[in-house]
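Visitor: Take this structure first; my questions come after.
The values are calculated or read from the model by the stated rules, or taken from the named source; none is laboratory data. Not measured: the values here are computed from a predicted model. Cβ sites come from the backbone with ideal geometry, for glycine too, and all protein chains shown count toward neighbours.
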Amino acid sequence: MSLGAILIMLAAYTAPAKAQGQPQAVHGIIFDSEGNPLVGATVVVAGGVQGTTTDTKGKFTLKVKPSDSLTFSYLGYTSQTTKVGSRTKFNIRLEKDASTDIEEVVVIGYGQVAKKDLTGSVSTVKMNDIKDLPTLSVDNALQGRIAGADFMSTTGEPGATTTIRIRGTRSINASNEPLIVVDGVMDAIHDLNDINSDDIASISVLKDASSTAIYGSRGANGVILITTKRGLGTTGKPNITFKTDIGFSQLPRHLDIMNAAEFAQYRNDYASFGSDANHPDIGADTPLSGSVYPDPLSLGEGTDWIKEIT
């Protein structure tokens, strides 16, 4: 075999080996289970120190070797490890980790705190728990869901305000209504009827004296903190929610009442049997004397007032 042939064979065997060890640029996008890009997700070489994070669109770029393996991870999601090989583009979808116990966060007057670290008396209501209730206002939905808070209707009028008492009545002459704060803004609304329940993400109620340390005397009757829903901006896909409620009411039974002719006959009988015409002292000249309606049957059915009212 000639020297040239040997060199060609050596080149054929060594070229792939050299190519496999050369770093190459790979890129891709990391999504969550709903298809939204994850911002700040971590991409690292398994067993190595190389790594990067995704940008605001969930994209990443990294130089790795074909023999490397990439690990994709994000807080609260199950990590994935994929071998690079000949691939240069990775579209990874991470699923939520059901075993991850994320601490519940409670909104208070001066920020947020983990629920286990909370020392004050705070009740939190998530709107997801009451979104399917057939209620017309926020205060009606909160009735019976917050310990120590009473929601009482002032009148039976539609849209009437509700009287709220947190841990009882504190004053005889002054107002006992709690302070309502929406997204950190005091007096944004004066009544819970002024805000749509579908716009609320969560409600926290400060019930103890610590609320006065934040809001002063205005928090003496308790504070209702409302956090509204917020959009994802450019980091998420458009999300449109449509909700509608349909209801009807009907009488359990039809009331059997007298028509016009029957009522006239009843009045005639009442006047006849209740008359004092034969009384020795009063005589016949009384309001109930004689017949009230001379021809009751001519009045017919008259007006069905139950039908008109309902």
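Visitor: Criterion first (at pLDDT 75 or above, of a type in the set (Lys, Arg) and surrounded by 12 or more Cβ atoms within 10 Å (Cβ to Cβ)) does Lys65 satisfy it?
Guide: yes
Visitor: Keeping to segment 150-171, report how many residues are among the acidic types (Asp, Glu) and in contact (Cβ under 8 Å) with a residue 12 or more places away in the chain.
Guide: Qualifying residue count, segment 150-171: 1.
Visitor: Somewhere in segment 171-183, is a residue part of a helix (DSSP H, G or I) and modelled with pLDDT of 80 or more?
Guide: No; the residues of segment 171-183 include none that is part of a helix (DSSP H, G or I) and modelled with pLDDT of 80 or more.
Visitor: Also, quick follow-up: Please go through segment 147-157 and pick out each residue that is aliphatic (A, V, I, L, M) and either assigned to a strand (DSSP E or B) or under 15 Å from Glu177 (Cβ atoms) (or both).
Guide: Passing the criteria: Ala149, Met152.
Visitor: Still on this structure, please answer the following. Looking only at segment 284-295, decide whether some residue is modelled with pLDDT of 75 or more and in contact with a helix residue (DSSP H, G or I) (Cβ under 6 Å, 6 or more places away or on another chain).
Guide: Yes, because at least one residue in segment 284-295 is modelled with pLDDT of 75 or more and in contact with a helix residue (DSSP H, G or I) (Cβ under 6 Å, 6 or more places away or on another chain).
Visitor: Could you go through segment 49-57 and let me know if any residue there is of a type outside the set (Val, Ile, Thr) and either surrounded by 19 or more Cβ atoms within 10 Å (Cβ to Cβ) or touching a helix residue (DSSP H, G or I) at 6+ places or on another chain (Cβ under 7 Å) (or both).
Guide: Looking for residues that are of a type outside the set (Val, Ile, Thr) and either surrounded by 19 or more Cβ atoms within 10 Å (Cβ to Cβ) or touching a helix residue (DSSP H, G or I) at 6+ places or on another chain (Cβ under 7 Å) (or both), one finds none in segment 49-57, hence no.
Visitor: Taking segment 50-97 only, how many residues are touching a residue at least 24 places away in the same chain (Cβ under 8 Å), outside any loop (DSSP other than H, G, I, E, B) and not hydroxyl-bearing (Ser, Thr, Tyr)?
Guide: Total satisfying the criteria: 13.
Visitor: Report yes if some residue within segment 106-117 is more than 16 Å from the chain's Cα centre (by Cα), of a type in the set (Phe, Trp, Tyr) and at pLDDT 75 or above; otherwise report no.
Guide: Looking for residues that are more than 16 Å from the chain's Cα centre (by Cα), of a type in the set (Phe, Trp, Tyr) and at pLDDT 75 or above, one finds none in segment 106-117, hence no.
Visitor: Got at least one residue in segment 237-247 being surrounded by fewer than 16 Cβ atoms within 10 Å (Cβ to Cβ), modelled with pLDDT of 75 or more and under 30 Å from Thr303 (Cα atoms)?
Guide: yes
Visitor: Here is a further query. Got a sec? Which of Ile203, Ile306, Ile224, Ile257 is at pLDDT 80 or above, touching a His at 6+ places or on another chain (Cβ under 8 Å) and either surrounded by 10 or more Cβ atoms within 10 Å (Cβ to Cβ) or part of a loop (DSSP other than H, G, I, E, B) (or both)?
Guide: Of the residues listed, the single one that is at pLDDT 80 or above, touching a His at 6+ places or on another chain (Cβ under 8 Å) and either surrounded by 10 or more Cβ atoms within 10 Å (Cβ to Cβ) or part of a loop (DSSP other than H, G, I, E, B) (or both) is Ile306.
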